[in-house]
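Report on the following structure.
The values are calculated or read from the model by the stated rules, or taken from the named source; none is laboratory data. Predicted model, so just to flag it, every value in this text is computed and none were measured. Counting neighbours? That spans all protein chains shown, and the Cβs are built from the backbone with ideal geometry, glycine included. Quick note on the areas: whole protein, heavy atoms, side chains included, nothing else; ligands and nucleic acids left out. Shrake-Rupley method; radii C 1.70, N 1.55, O 1.52, S 1.80 Å.
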Amino acid sequence: MSSFAIARARRALQSAFLDMDMPLRRASSVTNEVWISDEYVIRVNRRLDPRLRREAALAPHLPVEVGYPEIVAYGGKPGADWLIVRRVPGQVLARCWPTMSRIERREAIHQLAGRLRALHSTPAPPDLPDLDSAAPQLLSAVTFSPVMPLLVAVDKAKTLPHVDRDLLERTERLVSDTAAALTPYDTSTLVHGDLTFENVMWDGHRITAILDFEWARPGPADLDLDVFLRFCALPHLHVAEDYEHLTHAEDYREVPWWLAEDYPELFAFPSQFERVRLYAIAYDVRDLLLHPPTGPVGTLSQHHPYHRLAATVDGTGYLSTFDAPAHLA
């Protein structure tokens, strides 16, 4: 346990005029430093970005069906800002999933569909701080075409060492040829932006909350399918390390189909497969620029963004594991 990390959490409690000496335990988290007491959850963001500030501003606009917990306090400064919320019952759904019965899993997805439908029907607040280039997918509603930021990024990626220029040129052609699938790019309502079971709470009988709206932003509802389908195909890459070994893709094989049964309109956009493929490319190209190859691509992990991008462009990526053309007709 880092003494500096717990000191940051206790400083947040002190700033919120709460008992800074209350017992805390470190919670597993993929992104933030997270501490839990009997009553509160303290999240500390160590990155120089406004994600927790945005979440604090967004929370009052979220529909009650989402179950977002009560915000107790927000504060700090860039590189060490914090958000304190009241605890909700239950555990992270991804942690519960390995031991849940098929009936319980099916019920969880039924409930999740209802909560997502409510979220995706929520008007985006006009004063929400922009994520700009920090958004997980390089797409924009304010450019001539939604894919313009993506095409600029693909051009930049061509200059990276160790990358195959032919792959980037094929990516560029694919994006240009299918860009019309994203028109119109509706940004009037909200998406979650990081829809994994790490961000859903389950009490054994019901979903009690959807959490962590750091990446929430205006966007078409099916934009949430990108991270969601990634999670279902490769769940071990999206959970905390302490139970990664218990997390298996076969346990999530039916999940997209269940969600499609309960929330069919999420999968019913025209040119749905092309849309989701563009989302995937927009995600992976951004990740490639953030984590460029440090050596020959043959030495990289199969999950490196370069290999993920190549697989998507070649039609062998995570979307193919769902029989995507049939599932995302």
- Item | Positions within region 154-170 being surrounded by 18 or more Cβ atoms within 10 Å (Cβ to Cβ) and either of a type in the set (Asp, Glu) or closer than 18 Å to Ser140 by Cα (or both), in sequence order | Val154
- Message: Among the listed residues Glu261, Glu274, Glu244, Glu250, identify the single one that is touching a residue at least 24 places away in the same chain (Cβ under 8 Å), open to solvent by 50 Å² or more (accessible area, probe 1.4 Å) and assigned to a helix (DSSP H, G or I).
- Response: Glu274
- Message: Conditions first: (1) within 21 Å of His307 (Cβ to Cβ); (2) not in a loop (DSSP other than H, G, I, E, B). Pro149 passes all but one, so which condition is the exception?
- Response: (1)
- Message: Being in a helix (DSSP H, G or I), in contact (Cβ under 8 Å) with a residue 40 or more places away in the chain and open to solvent by less than 50 Å² (accessible area, probe 1.4 Å) is the filter here; which residues of region 1-32 pass it?
- Response: Arg8, Ala9, Ala12, Leu13
- Task: Using the structure shown, decide if Ile71 is at pLDDT 95 or above, aliphatic (A, V, I, L, M), crowded, with 20+ Cβ neighbours inside 10 Å and not assigned by the TED database to the domain that holds Glu241.
- Result: no
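Name the single residue, out of those in region 139-193 being closer than 21 Å to Leu128 by Cα and hydroxyl-bearing (Ser, Thr, Tyr), that is farthest from the chain's Cα centre (by Cα).
Initial filter on region 139-193 (closer than 21 Å to Leu128 by Cα): 139-143, 146, 149, 185-193.
Going one step further and asking which of them are hydroxyl-bearing (Ser, Thr, Tyr), we end up with 140, 143, 185, 187-189.
Values: Ser140: 17, Thr143: 23, Tyr185: 19, Thr187: 17, Ser188: 19, Thr189: 17 Å.
My answer is Thr143.
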- Message: For region 82-96, check the following and say yes or no: at least one residue is in contact with a Lys or Arg (Cβ under 7 Å, 6 or more places away or on another chain) and at negative phi.
- Response: yes
- Task: Test each condition in (1) in the same structural domain as His192 (by the TED database); (2) open to solvent by 40 Å² or more (accessible area, probe 1.4 Å); (3) touching a Leu at 6+ places or on another chain (Cβ under 8 Å); (4) not aromatic (Phe, Trp, Tyr) for Leu112 and report the one that comes out false.
- Result: (2)
- Item | Residues located in region 75-94, provided they are without any contact (Cβ under 8 Å) to a residue 60 or more places away in the chain and either surrounded by fewer than 20 Cβ atoms within 10 Å (Cβ to Cβ) or over 20 Å from His192 (Cα atoms) (or both) | Lys77, Pro78, Gly79, Asp81, Arg86, Arg87
- Task: Taking Pro220 as the residue in question, decide whether it is out of contact with any helix residue (DSSP H, G or I) (no Cβ under 7 Å at 6 or more places or on another chain), open to solvent by less than 40 Å² (accessible area, probe 1.4 Å) and modelled with pLDDT of 95 or more.
- Result: yes
- Task: Spot the failing condition for Ala73; the list is (1) touching a helix residue (DSSP H, G or I) at 6+ places or on another chain (Cβ under 8 Å); (2) under 30 Å from Ala233 (Cα atoms); (3) part of a strand (DSSP E or B), and only one is missed.
- Result: (2)
- Message: For region 157-212, give me each residue that is touching a helix residue (DSSP H, G or I) at 6+ places or on another chain (Cβ under 8 Å) and in a strand (DSSP E or B).
- Response: Thr189, Leu190, Val191, Val200, Met201, Trp202, Ile207, Ala209, Ile210
